[in-house]
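Student: The structure under discussion is supplied below as structure tokens; questions concerning it will follow.
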Amino acid sequence: MRKTFQIKVSVPTDSGFLGHACNASDCGQYFKVHQDDRIDSMQCPYCGTEFPQSELHTQEQARHFRKAAEAEALYYAEQELQKMLKKTFGNASAKRSGITYKPGRIRKKPIHANYSERKVDTELQCPDCNCRFQVYGLFGFCPACGESNLQVYDTNWASIQREVADAENPDRSLRHAYGDLVSAFEIFCAGKAKRLAGDPPSFQSLFDARRYFKDELKIDILNGIDPHELLALRRLFQKRHVNIHAGGEITERYVKMIPEDKHLLGKKVDMSMAELETASEAMRKALLMLIRAVERRG
């Protein structure tokens, strides 16, 4: 007769934080949520896809569960074998023949010894729902409430600054930093657009984003940004574009968008941490205006 049994397996946490992996085929990224703040349904902080938390197990956890099941099955089988041998060699016939059986001690194989969660670089607590979570690199959402807030933006900007400061190749690092800051803007705006109507544009375009939120929220996200900061922000988006699509050379399209730089046509773009910092401050002001407009709308 076949017997079935259930086992419960605990997963060691990293100071209370449990790892998760996004189940979306085009994401799959890793993050952690404090065990006391996990809820039945959570969002990936990178792509925003929502899953039951039971579907967010990591490959390491799956291997851990399998090893635990194997250890428990082996322990059960050894117990059953001892019972069978004891019954077989403990009867009167076996005793008359001089055959004896002495059961040994059965030990469970330890399963936690080689298990550990992956390391990530940033820990934060959502100001909207107080969820404590950890991420690696750029992200866009709280995994519990799904909100994008200025803490998300500030954390992304700090991550970009660390990458530049620690880089062995400053030029290459700055190219990536310009792209990463635009990506932070794109992710943030896409998160807010989920709560609005209309067909959202590619938020890789600053002025397409401006038009979209003008239509949907009746605000100008660039209002109140001084000309010097706005120029740095405009350059950020255009330099990121030519770095990706034109080998870093200033094109006619770039000059059309940034006429202030028409004398640089055909030359390589110049990037600097000072310009990036100015653009970041301008972007933060634009996103703060967006947050307030979305909150007013409710």
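The values are calculated or read from the model by the stated rules, or taken from the named source; none is laboratory data. For clarity, every value in this text was computed on a predicted model and none was experimentally measured. Cβ sites come from the backbone with ideal geometry, for glycine too, and all protein chains shown count toward neighbours.
Student: Which of (1) of a type in the set (Asp, Glu); (2) part of a helix (DSSP H, G or I); (3) farther than 12 Å from Ala286 by Cα is the odd one out, the single condition Glu229 does not satisfy?
Tutor: (3) is the only condition that Glu229 fails.
Student: Which of the residues belonging to the stretch 118-136 are assigned to a loop (DSSP other than H, G, I, E, B), crowded, with 16+ Cβ neighbours inside 10 Å and at pLDDT below 95?
Tutor: Result: Val120, Cys126, Tyr136.
Student: Let me ask another. Looking at (1) closer than 19 Å to Phe207 by Cα; (2) in contact (Cβ under 8 Å) with a residue 60 or more places away in the chain; (3) surrounded by fewer than 17 Cβ atoms within 10 Å (Cβ to Cβ), find the lone condition where His245 falls short.
Tutor: All conditions pass for His245, except number (2).
Student: On to the next question. With the requirement that a residue be without any contact (Cβ under 8 Å) to a residue 24 or more places away in the chain, farther than 24 Å from Met271 by Cα and assigned to a helix (DSSP H, G or I), what does the stretch 155-203 give you?
Tutor: Once the filter is applied, which keeps residues that are without any contact (Cβ under 8 Å) to a residue 24 or more places away in the chain, farther than 24 Å from Met271 by Cα and assigned to a helix (DSSP H, G or I), the stretch 155-203 yields only Ala193.
Student: Also, quick follow-up: If Glu229 satisfies every condition in (1) farther than 28 Å from Gly48 by Cβ; (2) surrounded by fewer than 19 Cβ atoms within 10 Å (Cβ to Cβ) but one, which is the exception?
Tutor: Failing condition for Glu229: (2).
Student: Taking the criterion of being modelled with pLDDT of 95 or more, of a type outside the set (A, V, I, L, M) and under 22 Å from His263 (Cα atoms), would at least one residue in the stretch 209-228 satisfy it?
Tutor: Within the stretch 209-228, one or more residues are modelled with pLDDT of 95 or more, of a type outside the set (A, V, I, L, M) and under 22 Å from His263 (Cα atoms).
Student: Being in contact with a Lys or Arg (Cβ under 8 Å, 6 or more places away or on another chain) and closer than 20 Å to Arg172 by Cβ, is that true of even one residue in the stretch 260-272?
Tutor: The answer is yes; a qualifying residue exists.
Student: Follow-up question, since we're still on this one. Evaluate the stretch 258-273: report whether one residue or more is without any contact (Cβ under 8 Å) to a residue 60 or more places away in the chain, under 15 Å from Phe207 (Cβ atoms) and assigned by TED's automatic domain parsing to the domain that holds Ser202.
Tutor: Among the residues of the stretch 258-273, at least one is without any contact (Cβ under 8 Å) to a residue 60 or more places away in the chain, under 15 Å from Phe207 (Cβ atoms) and assigned by TED's automatic domain parsing to the domain that holds Ser202, which makes the answer yes.
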